[in-house]
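The structure appears below as structure tokens.
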Amino acid sequence: MSQSDSRLILNATWLAGILAGLIALTIPLLYFSLSYQHQTASIQAEAEFSASDISRTINANPELWQFEEHRLQGLLTKQNAKDSPEWRRIINNKGVLIAQSSHQFDTPYVTRTASLLDSGTMVGHIEIIRPLSPLLFKTTIAGLLGLLLGAVAFMIFRTYPLRALKRTIDTLANEKERAEVTLFSIGDAVITTNAHGHIEYLNPVAERLTGWTNATAHGRPSAEIFNIINEHTGALLDNPAEIAIKENRVVSATGHAGLINRNGKIIPIEDSAAPISDRHGKIIGAVLVFHDVSHARAMAIKLSHQASHDALTGLLNRHAFETRLQQVLDNIKQENSYHTLCYMDLDQFKIVNDTCGHSAGDELLRQLAIELRAQVRGSDILARLGGDEFGLLLEGCGKDMSELIVGKLLQTVRDFRFRWQEQSFSVGVSIGVVSVHAECGGLVEIMRAADSACYAAKDRGRNRIYVYQPNDHEVALRRGEMQWVSRITKAIDENRLRLYYQTIQPIIPGTQGAHYEILLRMLDEDGNIVSPAAFIPAAERYGLMPAIDRWVIENTFIKLGKLYRGETKQLLHTCSINLSGTSWANEDLVGFICEMAGRYRVPARLICFEITETAAITHLNKAIAFIRELKSVGFRFSLDDFGSGVSSFGYLKQLPVDYLKIDGGFVRNMIDDKIDHAMVETINNIGHIMGIKTIAEFVESETILERLTMMGVDNAQGYAIAKPRPLDDIIITAPADIHSQEFTPITVASH
């Protein structure tokens, strides 16, 4: 039992005892008082009646009445009440006892007198004395009854109000306990104050954050316990609880507030305060609620950093870099300042990725970012724009200073050596430099100029700096290629690509069926034919060739499938399809080719894929795997532009190809150039020694054709044979055995 409960029971007992005592005393006292008054009034009336009766006797014999003792005594005895003992006596004016009814008794009694008159003159008086014993006895009985009623009242007054009061107190206690548990358990810190702003309560969270306990803080000014400052400026902030009390309003959260706790530590918080009013609307205090936002602010800073920085290198990302560059461009006219933008693309980075994997490439980028950051000024902005591309904005940097910084960056990359496990790699960087001034144009234009200047540096041999100049021919060419990207994509989406074919003729007639090479053309927006020389370089540079090659493969197979199912007039021996190195280096292409052949029922042995010698040498292992996998299901291969590579003959024996296409640059000039003539003859001889048939392209005259016939070249292709024609005009048929055999779907074991 708590101390408050014991005090409550004691007070209730005292109150019930007082009420019971009043009842126990009131009943006998009231009974005695009323009975006494009734008895005295009765005695007085009897005394006056007796006096009147005796006075008649006195008037009858005024001289002798005092001597008639026996007569008067008899009269008194006759008048005495039979049911109530009493003592009556007659006394004259001199105080002499004349007569009495009985002897005197010692018990408490009450006396009443009445005057005896003789013709209106008082000659004595009569006294009636009656004992109080019966009244006291009855009063005692009434007292006992009062005690009984008092006891009953004590039990009632103590039990029932106490129970009701106890229930009320228990309810209040439960509500208080629930409130305290809620405040104890709530995640926010809570402080309550009185109307003067002094502390009344701190919950555990508030104790932890402020460093004050509830006991030590109680009664202290809230400003002493809850001391807040602006985190950015360090200025003291007004106490929100005091404001809430003073202005009778809710005070919302204070921005960027920091709580100085008892130990002097600053804790970032968000807080609010509200006044507390009683039921009459009078302000009796305030409640202050706040919570620690250290983690939330740290997360916000982290998310903000992640949103603006590259996760791998820690440098700014492209979005943040372009945002800062836009700010510079917005202010450049007002400030009349001069800046320099650098667009950097690593050279030979792909070798590291292909050789050691992407984890090695990521580590290279991390290390190189540290090296580059060490070479720039604190005011310069270095960013990773994506992949192996970096951007650098040299703010307030003129031509001479920018040349010095960019030169240091170039040399840093040249000197950088990346070691991974037991291997060591060196990389280069191509840097495009653009001046940023009031006349340089908008963000898109300047970024495009920097990108084009970077590619111009690559075209000039890589690992060098190229400074953009207005009306630059190389940059203009690069921009033209970049514009082709959107035009090509749009042409694919709008189905404006067209297939052509050109005949590859056996030099010895009748040795095989028809042999064609599939060529690609594009229609511009006006429906005019666009030469592949105009858009293929841009497609190769900007990674569009895989999509184009797949379009060519599927649409060629669709056409061949339809021709085989219709009436035909000409046998087909080989249909050659060109593949870009970026296409066949993708492992998914094998599955795609087999799927298309099976879907459109095109025999694999009729298809010959052409890959360039340069691409094959660059990705030799992938080329060998790709060729072997498709040859295993019947497809054939031709090595295009053979002879252009430095080490052509050394790699040829590793590539299981069916045809060698002699580079047209040699064939075109072989009549007038002995070296070219010798190259054509040598390639043809080597091919035959290895059992590979040869094809001479760019055969543009009968003279060249005759010379090739003399050399023993197997096939010729060029304008002297046939010009390219739309594939829709072709009329072919499959060999006789194809119609007589059921088509077998193409499958490969693995890709």
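The values are calculated or read from the model by the stated rules, or taken from the named source; none is laboratory data. Every value quoted in this text rests on a predicted model; they were computed, and no experiment measured them. Heads up, the Cβs are rebuilt from the backbone with ideal geometry, glycines too, and the neighbour counts pull from every protein chain shown. Side chains are part of the model used for accessible areas, which takes the heavy atoms of the whole protein and leaves out ligands, DNA and RNA. Shrake-Rupley method; radii C 1.70, N 1.55, O 1.52, S 1.80 Å.
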Hits in the range 589-622 (condition: touching a helix residue (DSSP H, G or I) at 6+ places or on another chain (Cβ under 7 Å) and either at positive phi or charged (D, E, K, R) (or both)): ARG601, GLU613
Cβ-Cβ under 9 Å pairs, at least 6 apart or on other chains, the range 633-646 side farther than 21 Å from TYR516 by Cβ, far side part of a loop (DSSP other than H, G, I, E, B) and modelled with pLDDT under 90: VAL633/ILE746; VAL633/THR747; VAL633/VAL748; GLY643/ASP663; SER644/ASP663
Members of the range 267-292 found to be charged (D, E, K, R) and farther than 16 Å from PRO240 by Cα, listed by number: ASP278, ARG279, LYS282, ASP292
Total residues in the range 560-602, condition within 24 Å of PRO724 (Cα to Cα), in a loop (DSSP other than H, G, I, E, B) and at pLDDT 80 or above: 3
Of residues in the range 539-559 being among the small types (Gly, Ala, Ser) and under 12 Å from ALA491 (Cβ atoms), the one surrounded by the most Cβ atoms within 10 Å (Cβ to Cβ): ALA539
Cβ pairs under 9 Å, 6+ apart, first in the range 591-607 and farther than 20 Å from PRO546 by Cβ and exposed (fewer than 15 other Cβ atoms within 10 Å of the Cβ), second modelled with pLDDT of 90 or more and among the acidic types (Asp, Glu): none
Given (1) in a strand (DSSP E or B); (2) modelled with pLDDT of 85 or more, index of the condition ASP641 fails: (2)
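Each row is one residue, and each column tells you yes or no for (1) farther than 19 Å from GLN327 by Cβ; (2) in contact with a strand residue (DSSP E or B) (Cβ under 7 Å, 6 or more places away or on another chain); (3) at pLDDT below 90.
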{"position": "GLY361", "(1), (2), (3)": "yes, no, yes"}
{"position": "ARG366", "(1), (2), (3)": "yes, no, no"}
{"position": "ARG377", "(1), (2), (3)": "no, no, yes"}
{"position": "GLY387", "(1), (2), (3)": "yes, no, yes"}
{"position": "LEU392", "(1), (2), (3)": "no, yes, no"}
{"position": "GLY407", "(1), (2), (3)": "yes, no, no"}
Criterion violated by ARG479 - all others in (1) of a type outside the set (A, V, I, L, M); (2) modelled with pLDDT under 80; (3) not in a helix (DSSP H, G or I) satisfied: (3)
Residues that are touching a strand residue (DSSP E or B) at 6+ places or on another chain (Cβ under 6 Å) and within 16 Å of PRO240 (Cβ to Cβ), drawn from the range 201-219: LEU202, ALA206, LEU209
Flag for GLN334 being open to solvent by 20 Å² or more (accessible area, probe 1.4 Å), outside any strand (DSSP E or B), closer than 30 Å to LYS399 by Cα and touching a residue at least 60 places away in the same chain (Cβ under 8 Å): no
Which listed residue, of VAL293, VAL328, is β-branched (Val, Ile, Thr), more than 30 Å from GLU207 (Cα to Cα) and open to solvent by less than 20 Å² (accessible area, probe 1.4 Å): VAL328
Hey, ILE624 more than 16 Å from ILE662 (Cβ to Cβ) and open to solvent by less than 50 Å² (accessible area, probe 1.4 Å) or not: yes
Cross-chain or 6+ apart pairs with Cβ under 7 Å, the range 659-676 first and within 18 Å of GLU702 (Cβ to Cβ) and part of a loop (DSSP other than H, G, I, E, B), then among the β-branched types (Val, Ile, Thr) and open to solvent by 60 Å² or more (accessible area, probe 1.4 Å): ILE671/THR703
Close pairs from the range 352-378: first in contact (Cβ under 8 Å) with a residue 60 or more places away in the chain, partner open to solvent by 70 Å² or more (accessible area, probe 1.4 Å), Cβ under 7 Å, at least 6 apart: CYS356/GLN423
Qualifying residue in the range 36-54 (condition: open to solvent by less than 80 Å² (accessible area, probe 1.4 Å), in contact with a Gly (Cβ under 9 Å, 6 or more places away or on another chain) and among the polar types (S, T, N, Q)): no
Search result, residues across the range 194-210 that are of a type in the set (A, V, I, L, M, F, W, C) and either in contact with a Cys (Cβ under 6 Å, 6 or more places away or on another chain) or part of a strand (DSSP E or B) (or both): ILE199, LEU202
Of all residues making up the range 693-719, the number that are assigned to a loop (DSSP other than H, G, I, E, B) and either buried (at least 17 other Cβ atoms within 10 Å of the Cβ) or among the polar types (S, T, N, Q) (or both): 8
Residue that is nearest to ILE284 (Cα to Cα), among those in the range 254-264 that are open to solvent by less than 60 Å² (accessible area, probe 1.4 Å) and within 29 Å of the chain's Cα centre (by Cα): THR254
Output for the range 211-247, where each listed residue is outside any helix (DSSP H, G or I), of a type outside the set (Val, Ile, Thr) and loosely packed, with under 13 Cβ neighbours inside 10 Å: GLY219, HIS232, GLY234, ALA235, LEU236, ASP238
Criterion violated by SER426 - all others in (1) at pLDDT 85 or above; (2) at positive phi; (3) not charged (D, E, K, R) satisfied: (2)
Some residue of the range 265-282 being in a strand (DSSP E or B), open to solvent by 30 Å² or more (accessible area, probe 1.4 Å) and touching a Pro at 6+ places or on another chain (Cβ under 8 Å): yes
Positions within the range 656-692 being open to solvent by 20 Å² or more (accessible area, probe 1.4 Å), closer than 28 Å to LYS622 by Cβ and out of contact with any Cys (no Cβ under 9 Å at 6 or more places or on another chain), in sequence order: PRO656, ASP663, GLY665, PHE666, MET679, THR682, ILE686, HIS688, ILE689, MET690, GLY691
Number of the condition not met by LYS302 [criteria: (1) open to solvent by less than 70 Å² (accessible area, probe 1.4 Å); (2) of a type in the set (D, E, K, R); (3) over 21 Å from HIS198 (Cα atoms); (4) free of Cβ contacts under 8 Å to residues at least 24 places away in the same chain]: (1)
